[in-house]
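Undergrad: Structure in structure tokens, see below.
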Amino acid sequence: MTIAPAEPGFSTTVEALRLREWQLGTGQPTHVMGQFSADEFNVVVDDRGDVHVNSKDGRFYLGWFPLGRPGTDGEGWVIAVTGMAKVRGYRIAFDAETPAEIVAAAVARVLATSRRA
């Protein structure tokens, strides 16, 4: 059997099915926490060692629960943005094993969408 070479810009089926290496493991939470300044955000570490970050205006929240958020099944990171009167806010949750670099990218994107009113 002969397989024709793939067109430029397209991979063959064999190439497309090759295994990839994926980033696994929690990594360093400093990738996430390093994005917050004391001028604009409050940081609280509670008695369990969970970290809570909120914006000074109270509309942004990030929670890091290294041992898992109580009452959930392994939820480790929570990002929440409060909505307005006519527009709902949103919430994003990540597993405790989600690499911090991935959470950091999500946080960076959320922060990039904010602007002063």
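The values are calculated or read from the model by the stated rules, or taken from the named source; none is laboratory data. Predicted model only: the values in this text are computed from it and were never measured. Positions of Cβ are backbone-derived with ideal geometry, glycine not excepted, and every protein chain shown enters the neighbour counts.
Undergrad: Report, by residue number, each residue of the stretch 29-53 that is part of a loop (DSSP other than H, G, I, E, B) and among the aliphatic types (A, V, I, L, M).
TA: Of the stretch 29-53, the ones part of a loop (DSSP other than H, G, I, E, B) are 29, 34-40, 46-50.
Listed by number, the list holds a single entry, A38.
Undergrad: Do we have any residue at all in the stretch 20-28 that's part of a helix (DSSP H, G or I) and touching a Pro at 6+ places or on another chain (Cβ under 8 Å)? Before you say what the answer is, go through the steps one by one.
TA: Within the stretch 20-28, the subset part of a helix (DSSP H, G or I) is none.
Within the stretch 20-28 (the criterion being part of a helix (DSSP H, G or I) and touching a Pro at 6+ places or on another chain (Cβ under 8 Å)), the answer is no, since none of the residues qualifies.
Undergrad: Within the stretch 45-92, take every residue that is touching a residue at least 24 places away in the same chain (Cβ under 8 Å), surrounded by 14 or more Cβ atoms within 10 Å (Cβ to Cβ) and aliphatic (A, V, I, L, M) and give me the one that is farthest from H31 (Cα to Cα).
TA: Of everything passing the filter in the stretch 45-92, V81 is farthest from H31 (Cα to Cα).
Undergrad: Related question: Give the residues of the stretch 103-117 that are at pLDDT 95 or above and of a type outside the set (G, A, S), sorted by residue number.
TA: V103, V107, R109, V110, L111 - these are the residues of the stretch 103-117 that are at pLDDT 95 or above and of a type outside the set (G, A, S).
Undergrad: Quick test of your reading of the structure: T98 fulfils all but one of (1) surrounded by 12 or more Cβ atoms within 10 Å (Cβ to Cβ); (2) in a loop (DSSP other than H, G, I, E, B); (3) without any contact (Cβ under 8 Å) to a residue 40 or more places away in the chain. Name the failing condition by number.
TA: With (1) surrounded by 12 or more Cβ atoms within 10 Å (Cβ to Cβ); (2) in a loop (DSSP other than H, G, I, E, B); (3) without any contact (Cβ under 8 Å) to a residue 40 or more places away in the chain applied to T98, the lone miss is (3).
Undergrad: In the stretch 31-44, which residues are at pLDDT below 95, surrounded by fewer than 11 Cβ atoms within 10 Å (Cβ to Cβ) and more than 22 Å from R116 (Cα to Cα)?
TA: none
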